[in-house]
Amino acid sequence: MQRERLLKVLVVGDLGVGKTSIIQRYVQQVFSQHYRATIGVDFSLKVLHWDPGTAVRLQLWDIAGQERYGHMTRVYYREAVGALVVFDTTRLSTFQAVLRWKGDLDAKVALSDGRPLPAVLLANKVDQQHQGLRSKTPKLETFSRDHGFIGCYETSAKDNTNIDAAVSFLVENILAQEAEPASTHLDAGVLAHPLSDLHAKESGPSHCSGCSTLRARGRDQD
């Protein structure tokens, strides 16, 4: 008989970074250019047959970009066990907002033992490379390590680049943390393993360990 786990994962980031597109691509394997901006919060459910003994009911909560400093975010964040923090590689302002979103998460929700939620940074819309100029932003791998993310991925909801890999990595980390005593974990802000080891299954330029700078690219819908 399978053990069933319900995991609430938050998907946050500024308005228009592609959060809804990412969720719809992951859950329904569809992409549309015409998603409307999320108002308040929405969530989608996907059941994962994780291993022969475990079924994961994954709730992906789509938090509206304009909700960052709203008083309701504390209610939306309640009982979450992980997060995807998304920015749009075509808009520098959305990258600059990443740490505000991360800080908001850390201030308003934590795991049951007090540790910060495991969070993965998604650099979205990498399908639009032809439209951008390189900007003088830090390497994503270094940035994510320095600011308490457990990993980072370059993603495209349109092309279905790294969406499954990023979510699976987060779920794997959540389940692993639940299985270990809190005392065995490193302090928040330090990766448990080098990114090159964590993502050994990934290859090619779409993964953040292979990118030297943030590139400005085109945009899809929130």
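The values are calculated or read from the model by the stated rules, or taken from the named source; none is laboratory data. Keep in mind that this is a model prediction, so the values were computed, not measured. Cβ: placed from backbone, ideal geometry, glycine included. Neighbour counts: every protein chain shown. Accessible surface areas use protein heavy atoms only, side chains included; no ligands, DNA or RNA. Shrake-Rupley method; radii C 1.70, N 1.55, O 1.52, S 1.80 Å.
Values as computed for the structure displayed
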{"quantity": "Subset tally (residues that are buried (at least 16 other Cβ atoms within 10 Å of the Cβ) and part of a loop (DSSP other than H, G, I, E, B)) for segment 1-29", "calculated": "6"}
{"quantity": "Residue within segment 129-139 that is at pLDDT below 95 and part of a strand (DSSP E or B) present", "calculated": "yes"}
{"quantity": "All positions within segment 79-119 that are assigned to a loop (DSSP other than H, G, I, E, B) and either touching a Cys at 6+ places or on another chain (Cβ under 6 Å) or over 19 Å from residue 5 (Cα atoms) (or both)", "calculated": "89, 90, 91, 97, 109, 114, 115, 116"}
{"quantity": "Single residue of 42, 88, 104 found to be surrounded by fewer than 22 Cβ atoms within 10 Å (Cβ to Cβ), within 22 Å of residue 20 (Cβ to Cβ), at pLDDT 90 or above and within 17 Å of the chain's Cα centre (by Cα)", "calculated": "104"}
{"quantity": "Odd one out for residue 75, checked against (1) open to solvent by 30 Å² or more (accessible area, probe 1.4 Å); (2) modelled with pLDDT of 95 or more", "calculated": "(2)"}
{"quantity": "Cβ-Cβ under 7 Å pairs, at least 6 apart or on other chains, segment 156-182 side more than 27 Å from residue 16 (Cβ to Cβ), far side open to solvent by 20 Å² or more (accessible area, probe 1.4 Å) and not aromatic (Phe, Trp, Tyr)", "calculated": "173/150; 174/81; 177/185; 182/113; 182/115"}
